[in-house]
Amino acid sequence: MTTLSCNSNNKNSNRANNIKTYFLNHDIRNVNYEICLNDILVGQSINNNGLPASINLNSYIFKNGQQHVRIKLIAPFKEKLTEEIVNEVNKSLSIHLLNDNDYSKIREVVKLNFPAIEMPIQHYEYKWTFEAAVIEGMDNLDQSKDLTKMGKDELQKEVVNKYEELRKLLNNGNEKEFIKEIEKAKKSLYLSENIQKNKQAEYTANLEEYFDSHKGTMPPITNFILKIIGNGRAIALENNSNHKGLGILSSEDIQNNILNQNYIILHKPIGSDKFEVFRYNCTFTSLD
């Protein structure tokens, strides 16, 4: 069960005029799932522990116009998805638009309905589109290198080296240096969730406390899946062992019975020879 998010959900902050916030609402329970926007993971459940959620999509809207949503449902263990399960998922699955924090006027942009299935299946994936406006000043992947053009061995070596650097910072308790590594991504989050300057120091302090708790808990980077995302211009390492599908920089805090879930996305800006953090998503949950 999710108990904290590194992303802000401050609904009471003073927002600038004409701020549009897009949310994906869902109540997907008792099945695993992956939710992607514009080919980037924005939400998931890998332990059959999904809870109702409103996912802020602004960080992953890079251009005005058509946006692409992809959702995959995965039956847990050896079970299968049934028509009843899909119908239950459909009841709450939608994208809404919030204008200027006025919750009295929130409106549905598109209802996301999985088509009916004819027989039980192990997994079910479907795609939708909707129209949205990008936040002014939000960075995107237009100036990022096309990673599909790199040699596979070279790509893996550079990406793993970068994640190793990040892992070392977390495992050594060097949370301030780690936060420097995600500084550009953090500024994008401020824009996407309209975190005002008077709240940014508090957000960073909470982030430092969270990352400080990772000291001595980080497993070695050994068994992983290299996932090219963002239409070829971003990349992430996912765990391929005990917590398959989680970001490779996730960790177990056995002493406090906590699973730290950190999904860190990298990209390589055009004109640079180094990978940088493009986006991050962090939560912690109970190990039970």
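We did not get these values from a lab; they are worked out from the coordinates using the rules stated. All of these numbers come straight from a predicted model, not from anything done at the bench. Note: ideal-geometry Cβ built from the backbone for every residue, glycine included; neighbour counts use all protein chains shown.
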### For the chain, average projected area of the Cα convex hull in nm²
15.5 nm²
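How much length, in nm to one decimal, is gained on full extension between ILE254 and ASP288, taken as 0.36 nm per residue of separation minus their Cα-Cα distance?
Numbers: separation 34, 0.36 × 34 = 12.24 nm, distance 1.07 nm.
The span from ILE254 to ASP288 would gain 11.2 nm if fully extended.
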### Of ILE228, ILE121, ILE195, the one that fluctuates the most in a GNM where the chain has Cα springs shorter than 10 Å
ILE121
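Treating only the Cβ of Lys, Arg, Asp and Glu as charged (+1, +1, -1, -1), what charge dipole size does the chain show about its Cα centre? Round to the nearest 20 debye. List each step's numbers first, then the result.
Working: 35 positive and 37 negative charges, 94 e Å.
I would put it at about 460 debye.
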### Summary
Net charge near ASP27 (other residues with Cβ under 10 Å of its Cβ; Lys, Arg +1; Asp, Glu -1) is +1
## Note on the structure
Toy charge model, Lys and Arg Cβ at +1, Asp and Glu Cβ at -1: segment 147-286 dipole around Cα centroid in debye, rounded to 20, equals 500 debye
### Query
What is the gain in length, in nm to one decimal, between GLN143 and ILE221 on full extension, counting 0.36 nm per residue of separation less the C-alpha to C-alpha distance?
25.2 nm
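GLU165 to ASP100: extension gain in nm, 0.36 nm per residue of separation minus the Cα-Cα distance? Mind showing how you got there, number by number?
Values: separation 65, 0.36 × 65 = 23.40 nm, distance 3.94 nm.
Length gained, GLU165 through ASP100: 19.5 nm.
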#### Entry: Cα-based reach from LYS244 at 14 Å (exclusive), listing aspartates and glutamates while leaving out same-chain residues under 8 positions away
GLU34, GLU252
### Message
Quick query: amide H of GLY43 versus all other amide H atoms, modeled in the peptide plane; which residues come in under 5 Å with a sequence gap of 5 or more or a different chain?
### Response
ILE35
### Query
What does the helix-only formula give at 222 nm for the chain: each DSSP H stretch with n ≥ 4 adding -39500 (n - 2.57), the total divided by the residues, and the result rounded to the nearest 500 deg cm²/dmol?
-6500 deg cm²/dmol
#### Entry: In Hz, Karplus ³J(HN,Hα) per residue of segment 237-245 (6.51, -1.76, 1.60; θ = phi - 60°; x = Gly, Pro)
9, 10, 5, 10, 10, 5, 10, 4, x
